[in-house]
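Just so you know, all these numbers are worked out from the coordinates, no wet-lab data involved. Fair warning: this is a prediction, and the values are worked out from it, not measured in the lab. For neighbour counting, all protein chains shown are included, and Cβ atoms are generated from backbone atoms with ideal geometry for every residue, glycine included.
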Amino acid sequence: MKALPLSLKFAAWFEGSTLLLLVLVAVPIKYWGANATLVRLLGPVHGLTFLIFLYQIGKAWAQGILDWKRALRLMGASFFPGGTFIMTAWEEK
């Protein structure tokens, strides 16, 4: 099993961080504090980091670093808060 590229690790870290900020900070403030400003700011940032993460997965797959199963696992992990942190650590073992 080949090691994950550093660019993919960074993309996973940023994607996971923005998702956690969105889910654990911005959304509660939106509903409990009746202030949607953070959601409006973090939503597009998270969307961009998600697309960059998917691009990095596709690039690693095209280079033969990831097989389709590893690529799907990484993509699936990105839908869960903290999933990218856990999956990239698991992939490194």
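Count charges around residue 61 for me, please; just the other residues with Cβ under 14 Å from its Cβ, Lys/Arg as +1, Asp/Glu as -1. All intermediate terms of the calculation are to be shown ahead of the outcome.
Numbers: positive: 2, 59, 69, 70, 73; negative: 67, 91.
With Lys, Arg at +1 and Asp, Glu at -1, the net is +3.
Indicate the helices, whole DSSP H runs only, in the chain that combine a mean Kyte-Doolittle hydropathy of -1.0 or more with a Cα extent along their long axis of 18 angstrom or more. Spell out each step's value before the answer.
On the way: long enough: 6-21 (22 Å, 1.07); 37-62 (38 Å, 1.07).
Helix filter hits for the chain: 6-21, 37-62.
Would you please give the FRET efficiency between residue 45 and residue 86, computed as 1/(1 + (r/R0)^6) with r the Cβ-Cβ distance and R0 = 22 Å, to the nearest 0.05? Please report the intermediate quantities before stating the final value.
Working: r = 22 Å, r/R0 = 0.99.
Working from the Cβ atoms, E equals 0.50.
Mind putting a number on the dipole of the range 1-69 about its Cα centre? Charges go on the C-beta only, +1 for Lys and Arg and -1 for Asp and Glu, and I need it in Debye to the nearest 20. Numbers along the way, then the final one.
Values: 6 positive and 2 negative charges, 6 e Å.
So the dipole magnitude of the range 1-69 works out to roughly 20 debye.
Suppose only helical runs count, i.e. DSSP H with n ≥ 4. What mean residue ellipticity at 222 nm does that imply for the chain under -39500 (n - 2.57) per run, divided by all residues and rounded to the nearest 500 deg cm²/dmol?
-23500 deg cm²/dmol
What are the extents of the Cα atoms of the chain along their three principal axes, in Å, largest first?
Taking max minus min along each principal axis of the Cα atoms, the chain gives 47, 21, 18 Å.
Report the FRET efficiency, 1/(1 + (r/R0)^6), for residue 55 and residue 34, where r is their Cβ-Cβ distance and R0 is 25 Å, rounded to 0.05.
On the way: r = 36 Å, r/R0 = 1.43.
With R0 = 25 Å, the Cβ-Cβ based efficiency is 0.10.
Can you list the lysines whose alpha carbon is less than 28 Å from that of residue 93, not counting same-chain residues fewer than 8 positions off?
List returned: 2, 9, 59, 69.
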